[in-house]
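Novice: One structure is given below, represented as structure tokens, and several questions about it will come after.
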Amino acid sequence: MSTKGNSHVKNALINILAFPGLGSLRSGRRSAGYGQVLLAVAGTVLMLVWFYREMSEYYGLLFGEVKPESIAWLGITGGSLLVISWIWACLTSLSLFKEAAKPSAPPVIREVISPAIQAALATVPQWQRSGQVIARTYEFNDFPAAMKFVNAVADLAEQAQHHPDIDVRWNKVTLALTTHDAGGLTEKDFALARACDELSLR
């Protein structure tokens with residue numbers, strides 16, 4: 001479980017076991033947190049007032065100084081507010097538990113391109129790099145012209161002993177280059193890319 005997931009679990013437990021709303025506030029759910037805390041505080045205050053009044057009346061009755069007065073509504077209202085705040089905090093906690101159970105996103109790995117590869121890319125500006133492959137699509141007047149180019153590329157590749165992936169779509173030819181033995185791009189790819197660019201201009 002991620003650090004964020006552990007934090008959500010901790011805040012959910014604070015909501016349920018400590019004081020409603022504190023865990024919500026700690027997890028950044030401000031409106032829910034403030035609402036829960038407000039209800040819990042108001043309910044607690046009303047319960048304390050009710051308890052104080054009840055005890056005062058009880059002792060007053062013992063000594064005959066006070067007439068009984070019904071203040072049960074204070075206790076009922078305070079208890080209701082406490083229950084509502086606790087239920088609300090439990091619902092927020094369930095949401096936090098669900099978020100904590102979600103698998104965390106894998107870290108974004110930024111590929112580091114060596115200065116040599118960056119410099120070589122600048123020599124073939126019409127080629128697009130995707131991972132460890134460079135590719136370019138050439139467009140010709142018609143299919144015979146495209147095939148003439150493909151045959152010339154085949155001869156060139158045989159001489160260089162370095163073979164591109166070739167995709168032909170009527171008058172469009174896409175070449176993709178990588179050095180499989182090296183597990184990535186090398187100067188052989190860029191040299192052949194430059195040679196293919198020159199062929200396309202003939």
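The values are calculated or read from the model by the stated rules, or taken from the named source; none is laboratory data. Worth saying up front: this structure is predicted, and the values here are computed from it rather than measured. Glycine also receives a Cβ, built like all others from the backbone with ideal geometry; neighbour counts cover every protein chain displayed.
Novice: Looking at the stretch 170-184 only, could you name the residues that are at pLDDT below 90 and not in a strand (DSSP E or B)?
Specialist: HIS180, ASP181, ALA182, GLY183
Novice: With respect to VAL153, determine if the residue is out of contact with any Cys (no Cβ under 9 Å at 6 or more places or on another chain) and either in a helix (DSSP H, G or I) or assigned by TED's automatic domain parsing to the domain that holds ALA195 (or both). Give the steps one after another, and end with the answer.
Specialist: On the way: out of contact with any Cys (no Cβ under 9 Å at 6 or more places or on another chain): no; either in a helix (DSSP H, G or I) or assigned by TED's automatic domain parsing to the domain that holds ALA195 (or both): yes.
Considered against the rule, which asks whether it is out of contact with any Cys (no Cβ under 9 Å at 6 or more places or on another chain) and either in a helix (DSSP H, G or I) or assigned by TED's automatic domain parsing to the domain that holds ALA195 (or both), VAL153 comes out as no.
Novice: Suppose we keep only residues that are among the basic types (Lys, Arg) and within 30 Å of the chain's Cα centre (by Cα) within the stretch 16-57. Which one would you say is surrounded by the fewest Cβ atoms within 10 Å (Cβ to Cβ)?
Specialist: ARG30
Novice: For the subset of the stretch 102-132 comprising residues that are buried (at least 16 other Cβ atoms within 10 Å of the Cβ) and of a type in the set (A, V, I, L, M), which member is modelled with the highest pLDDT?
Specialist: Checked the stretch 102-132; the qualifying residue modelled with the highest pLDDT is VAL124.
Novice: Hey, another quick one. Kindly list, by first and then second residue, each pair from a residue in the stretch 75-89 that is more than 21 Å from ALA12 (Cβ to Cβ) to a residue that is of a type in the set (A, V, I, L, M), limited to pairs with Cβ atoms under 7 Å and residues at least 6 apart or on different chains.
Specialist: Going by the 7 Å Cβ cut-off, the qualifying pairs are GLY75/MET47; THR77/LEU46; GLY78/LEU46; GLY78/MET47; GLY79/MET47; LEU81/LEU39; LEU81/ALA42; LEU81/LEU46.
Novice: Which pairs have Cβ atoms under 8 Å, sit 6 or more apart or on different chains, and link a residue in the stretch 150-169 that is within 15 Å of ARG194 (Cα to Cα) to one that is of a type in the set (Asp, Glu)?
Specialist: Short answer, once both residue conditions are applied: HIS162/ASP189.
Novice: Would you say ASP167 is part of a helix (DSSP H, G or I) and either at pLDDT 95 or above or under 30 Å from PRO115 (Cβ atoms) (or both)?
Specialist: No, not satisfied.
Novice: Still on this structure: Which ones in the stretch 77-97 are more than 13 Å from VAL41 (Cβ to Cβ), among the polar types (S, T, N, Q) and more than 29 Å from the chain's Cα centre (by Cα)?
Specialist: THR77, SER80
Novice: Next up: Just name the residue that is nearest to the chain's Cα centre (by Cα) out of those in the stretch 132-149 that are more than 25 Å from LEU121 (Cβ to Cβ) and touching a residue at least 12 places away in the same chain (Cβ under 8 Å).
Specialist: Step one: list which residues in the stretch 132-149 are more than 25 Å from LEU121 (Cβ to Cβ), which gives 141-148.
Checking which are touching a residue at least 12 places away in the same chain (Cβ under 8 Å) leaves us with 141-143, 145-147.
Numbers: ASN141: 47, ASP142: 47, PHE143: 47, ALA145: 48, ALA146: 45, MET147: 47 Å.
Checked the stretch 132-149; the qualifying residue nearest to the chain's Cα centre (by Cα) is ALA146.
Novice: Could you list, in sequence order, the residues of the stretch 170-183 that are under 23 Å from GLN118 (Cβ atoms) and loosely packed, with under 14 Cβ neighbours inside 10 Å?
Specialist: Answer for the stretch 170-183, where residues must be under 23 Å from GLN118 (Cβ atoms) and loosely packed, with under 14 Cβ neighbours inside 10 Å: HIS180, ASP181, ALA182, GLY183.
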